[in-house]
Structure formats: C-alpha cells, structure tokens
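First comes the structure, then the notes that go with it.
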Amino acid sequence: MGKALQIRVSAVTWNEDLMEEIWPKLSELAFSVPIKHEGHGVLEMVRALDEGLMFMQWSCARKKAMGEGIRRAAGLKKALEEALANWQPREANALSDQLEDTLDQLETSIVA
C-alpha cells in the first residue's frame, strides 16, 4: 500500500437491476423490510432478509419455510466478508457462488 493508493479486495453487485430479474420475490420481500438500505445489492438483500427474519412479524409458515435458508445466507455473507478482509479472494469467490445458490433456493421457498 502506498502513501495515497490503497489496495482493496471487495465484493460489489455490479448491476442492482439484475436483483429483480434473478430474485424478484426475494428482492421485493427484502427491500420491504423497513431499515435503511445502503443499496439494493446481494449483500444488502441478505442483510435485510436476516433482519426481517429476526425483527419482522412474519408468519410462522414463512419463518419455517425460509428461516434456515436465510440464516445460511447470512452465515455465508459473514464468511465472504471475512475472506475479503483477510485478502482471500478465491475463498470469497467460492462463498459468493454458494451464497447465490442459497438465494436461488430461497427464491423458490417464499411463503406469504
């Protein structure tokens, strides 16, 4: 790292519009959670779903159907952020694939 230039390893949702195409139901559910949304990317969606699971008055059926998947997604998000913080981009990339697979599964398990 130089005096003015920093090197960072990060994960960014490059096109937030894709969120509604790939996970339309999850996006709608997540971004209806009344928290301050810094953006509408993958990591922000996982955070919103996790907070929704903990703090929203979702139906028992929704919590039962989605709870395990949301907790798994939140754990993968945390592990991905830790891998990035530890400069492990290969590990972060593998975790991002697992996270997206988990979100794919959650998209099909949404319950009102």
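Here are a few things to note about the model shown:
- A Förster distance of 25 Å, applied to the separation of the beta-carbon atoms of Ser59 and Glu82, puts the FRET efficiency at 0.15.
- Per-residue SASA entry for Lys63, accessible area with 1.4 Å probe, Å² rounded to 10: 80
- Vicinal HN-Hα couplings computed from phi for region 88-100 (Karplus, 6.51 cos²θ - 1.76 cosθ + 1.60; Hz; Gly/Pro x): 10, x, 5, 4, 4, 5, 5, 5, 5, 5, 5, 5, 5
- Residue of Leu76, Leu18, Leu43 that the Gaussian network model of the chain assigns the largest fluctuation, springs spanning Cα pairs under 10 Å: Leu18
- Were the residues from Glu21 through Glu91 laid out at 0.36 nm apart, the gain over their Cα-Cα distance would be 22.6 nm.
- For the chain, averaging the sequence separation of C-alpha pairs within contact (under 8 Å, six or more residues apart) and dividing by the residue count gives a relative contact order of 28 percent.
- Sparsely packed chymotrypsin sites (Phe, Trp or Tyr not before Pro) within region 22-111, loop by DSSP, other Cβ within 10 Å at most 13: Trp87
- Whole-percent carbon and sulfur share, accessible surface of the chain, 1.4 Å: 51
- Under-5 Å amide H pairs with Phe31, H placed in peptide plane, nonlocal only: none
- Per-residue ³J(HN,Hα) for region 75-80, Karplus 6.51 cos²θ - 1.76 cosθ + 1.60, θ = phi - 60°, Hz, x for Gly and Pro: x, 5, 4, 4, 5, 4
- For the chain, calculated [θ]222 nm from helices alone, where every DSSP H run of n ≥ 4 adds -39500 (n - 2.57): -21000 deg cm²/dmol
The values are calculated or read from the model by the stated rules, or taken from the named source; none is laboratory data. Small disclaimer: the values here were computed from a predicted structure and weren't measured. Cβ: placed from backbone, ideal geometry, glycine included. Neighbour counts: every protein chain shown. With ligands, DNA and RNA removed, areas are computed over all heavy atoms of the protein, side chains included. Shrake-Rupley method; radii C 1.70, N 1.55, O 1.52, S 1.80 Å.
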